[in-house]
Amino acid sequence: MLFQLTPRTWLAIVALGPAIYLAIQLLPLLRSVFLLLVVAALLALLINPVADRLERRGVSRGLTTGTLLLGTLALLVSLLLLLVPVLLDSLSQLAGALQGLAAQLPEAVGAATGWEELVQVVQGLTGQVAGAIQWAAGQFWSVLGGIGTVAFAGIVAFAIAFTLVANKAAAPTLMRTLLPERSHARGGAITRAVGEGLSRWFVAQLAICGYYAVTYSVTNTLLGVPYGVQIGIVSGLLEFIPYLGGLVGMALSALAAATVSPTLALIVLATNVVIGSICVYFVAPYAFSKAVEVPSALILFGLFIGGLVGGFFAALLTVPLLTAALVIFRQLRPRPAASAGVGAAQPRPAGD
């Protein structure tokens with residue numbers, strides 16, 4: 001029997017190539033749209049339990065949602081305004097100090113060793129480091145140029161989240177559209193469970209952020225580090241991405257301390273290592289044990305995958321998505337019977 005292809009099959013095969021090409025070309029756009037929808041969904045799930053509680057106390061859902069979204073926007077703007085002067089001023093001062101060092105260090109090395117080759121190597125290295133720091137300061141402004149696109153996407157995500165939470169009928173309508181009728185009750189229960197889980201995660205993460213903000217601010221101020229309080233606040237806000245706030249705070253503290261003296265930079269590094277170790281081994285495990293159990297290894301793996309897939313913003317969403325996924329898994333897995341033989345007929349005593 002000969003294998004024959006119908007005209008419709010030939011048409012499908014011919015159209016497959018352009019379809020694949022078009023899908024590849026649209027992949028960045030689809031990824032951005034998907035990321036935007038995920039952000040909006042997470043915001044809605046996070047805010048919804050708070051809106052429900054306050055609604056029972058007479059506060060309108062629109063007021064609660066708008067206040068929380070505007071507060072989030074204010075935090076992001078504050079983070080940007082705090083980060084810009086710390087980075088630019090510290091980088092400029094450090095570059096100036098290294099340029100002065102580049103002029104003095106070769107003479108000192110030549111007087112101490114007498115090796116002309118070593119003098120040239122040291123002079124070249126210090127000049128390259130100073131140039132790299134100046135280049136980093138210039139690149140920072142180019143990064144700020146892309147803030148407009150991110151801000152517009154954030155406004156769209158906030159608008160979607162506001163619609164889903166403020167209008168109590170919006171989420172059920174969307175669920176009825178996407179899910180069959182037999183799954184409405186189960187979908188509503190899972191949605192409420194995910195919202196509660198994200199709320200517990202947010203409280204735990206907020207405690208960790210507060211720990212970094214307070215400890216870095218206090219230690220930097222006591223040690224005399226420039227911009228000590230600003231660095232502490234920035235590290236606390238950035239800790240919503242696990243481990244990022246501590247590492248960025250340590251780097252900024254050392255960078256600012258290096259503009260004062262190398263000895264102060266080493267002291268600050270040692271102090272911040274102790275602060276980070278206390279958080280990793282004591283504060284974070286205790287906070288997350290009271291919220292949603294997310295293993296540290298799973299968080300690190302998720303951050304790695306998120307960074308590869310979508311960079312900084314995907315890494316920001318890693319832990320909330322893991323939390324939501326674990327809650328959904330626990331809701332969907334079958335629950336074992338409370339005890340063996342429940343509901344089974346009991347054997348009659350002998351002789352009945």
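Taken together, the values in this text are just the output of simple stated rules run on the coordinates, not laboratory data. Please read all numbers here as calculations on a predicted model, not as lab measurements. Neighbour counts run over all protein chains shown; Cβ positions are idealised from the backbone, glycine included.
What to note about this one:
- Each peptide in 227-239, 177-189, 57-69, 193-205 was scored by the mean count of other Cβ atoms within 10 Å over its residues; highest first, the order is 227-239, 193-205, 57-69, 177-189.
- Per the Debye formula on identical point scatterers at the alpha carbon atoms of the range 197-332, with no solvent, log10 I(q)/I(0) at q = 0.11, 0.14, 0.22 Å⁻¹ is -0.42, -0.64, -1.23.
- From most to least packed by mean Cβ count within 10 Å, the peptides 11-23, 36-48 give 36-48, 11-23.
- Likely footprinting exposure, Met175, Met250, fewest C-beta neighbours within 10 Å first: Met175, Met250
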